[in-house]
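Have a look at the structure below before the remarks.
The values are calculated or read from the model by the stated rules, or taken from the named source; none is laboratory data. Everything numeric here is computed off the predicted structure, so don't read it as measured data. In this analysis, Cβ positions are derived from the backbone assuming ideal geometry, glycine residues included, and neighbour counts consider all displayed protein chains. Ligands, DNA and RNA are excluded from the accessible area calculation, which covers all protein heavy atoms including side chains. Shrake-Rupley method; radii C 1.70, N 1.55, O 1.52, S 1.80 Å.
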Amino acid sequence: MLNALPVSESETMSLTLPPNFAAIRFRRERTIGCSVLLPFLLTGCSYSYDLKAIVRDGRLAFIVDPSSRRDANCVRNITVSAENGEAAAGSDDDRQVVENGAFWEEETRVTDCRNQFPILYGQPLQGEPFQRPIVAPKPLRIGVIYSVGTSSSGSGYGAGRFRIRRDRTVENLPLVDMTAGLEEPANGI
């Protein structure tokens, strides 16, 4: 897999509350209707954090960037994908996910979030599997740009990009703005 590597680090948090948030009152009778809570549940509970790839004890690991304003308390899903290229699918791998660039993907049930950072590349996640690894870990290649994504408790999401250098150090790369270059429709919709 990998031997020794240094690194570089970053985080974002967003919280959207519905306009009537101050008016929501919780009562003992639990009479808050779904119509009041649904907008809050759909828009206000997610958070994001940046991930960093590091080398710990000679192995590739992922951590929450120390400069992040928000920390993640656990990991229930992780995906490491090559931005260009694909790995060879193993017999138990989801072939379509591998064809889309995944080098490792594993997920536990939403209610089972036991994995603490740092997460070592290829380390089996603890907890009840949602599916047995969707993609078993593959050897990573020097010079290839990889993206890493995680899901945490609640609706927390982490993301990062990195590449392994020839000297086996890790270079963390800025995240790509997927909306860059998109234009507003001419009709304003």
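Out of curiosity, is R141 part of a loop (DSSP other than H, G, I, E, B), modelled with pLDDT of 95 or more and either among the hydroxyl-bearing types (S, T, Y) or farther than 11 Å from N77 by Cα (or both)? So R141 does not fit the description; no.
Quick grid of which residues meet (1) open to solvent by 10 Å² or more (accessible area, probe 1.4 Å); (2) closer than 15 Å to Y47 by Cβ; (3) hydroxyl-bearing (S, T, Y); (4) touching a Phe, Trp or Tyr at 6+ places or on another chain (Cβ under 7 Å):
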| site | (1), (2), (3), (4) |
| --- | --- |
| S68 | yes, yes, yes, yes |
| N73 | yes, yes, no, no |
| G85 | yes, no, no, no |
| E99 | yes, no, no, no |
| P118 | yes, no, no, yes |
| Q123 | yes, no, no, no |
| E128 | yes, no, no, no |
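Among the candidates E107, E128, the residue that is touching a residue at least 40 places away in the same chain (Cβ under 8 Å) and more than 21 Å from R56 (Cβ to Cβ) is uniquely E107.
Condition first: in a loop (DSSP other than H, G, I, E, B) and either within 15 Å of L60 (Cα to Cα) or in contact with a strand residue (DSSP E or B) (Cβ under 9 Å, 6 or more places away or on another chain) (or both). Now tell me which residues in region 110-125 satisfy that. Result: V110, D112, C113, R114, Q116, F117, P118, Y121, G122, Q123, P124, L125. Consider region 90-104. How many of its residues are outside any helix (DSSP H, G or I) and touching a residue at least 12 places away in the same chain (Cβ under 8 Å)? So the count comes out to 9.
Answer yes or no as to whether V148 is assigned to a loop (DSSP other than H, G, I, E, B) and under 15 Å from the mean Cα position of the chain (by Cα). Answer is no for this residue. No other residue among I78, I134 is over 23 Å from L173 (Cα atoms), aliphatic (A, V, I, L, M), in contact with a strand residue (DSSP E or B) (Cβ under 6 Å, 6 or more places away or on another chain) and crowded, with 20+ Cβ neighbours inside 10 Å apart from I134.
Considering only region 147-156, I want to know if a residue exists there that is of a type in the set (A, V, I, L, M) and either within 19 Å of N172 (Cα to Cα) or open to solvent by 40 Å² or more (accessible area, probe 1.4 Å) (or both). Taking every residue of region 147-156 in turn, at least one turns out to be of a type in the set (A, V, I, L, M) and either within 19 Å of N172 (Cα to Cα) or open to solvent by 40 Å² or more (accessible area, probe 1.4 Å) (or both).
Take the residues in region 126-137 that are in a loop (DSSP other than H, G, I, E, B) and modelled with pLDDT of 85 or more, then tell me which one is nearest to R95 (Cα to Cα). Going through the qualifying residues, I end up with A136. N187 meets all of the listed conditions (1) of a type outside the set (K, R); (2) at pLDDT below 90; (3) part of a helix (DSSP H, G or I) but one, namely (3).
Taking the conditions exactly as written (touching a Ser or Thr at 6+ places or on another chain (Cβ under 9 Å), within 26 Å of R166 (Cβ to Cβ) and at pLDDT 90 or above), does I119 satisfy them or not? Here the answer is yes, as I119 does meet what is asked. Scanning region 110-125 for residues that are out of contact with any Gly (no Cβ under 6 Å at 6 or more places or on another chain) and in contact (Cβ under 8 Å) with a residue 40 or more places away in the chain yields C113, N115, Q116, F117, P118, I119, L120, Y121, G122, L125.
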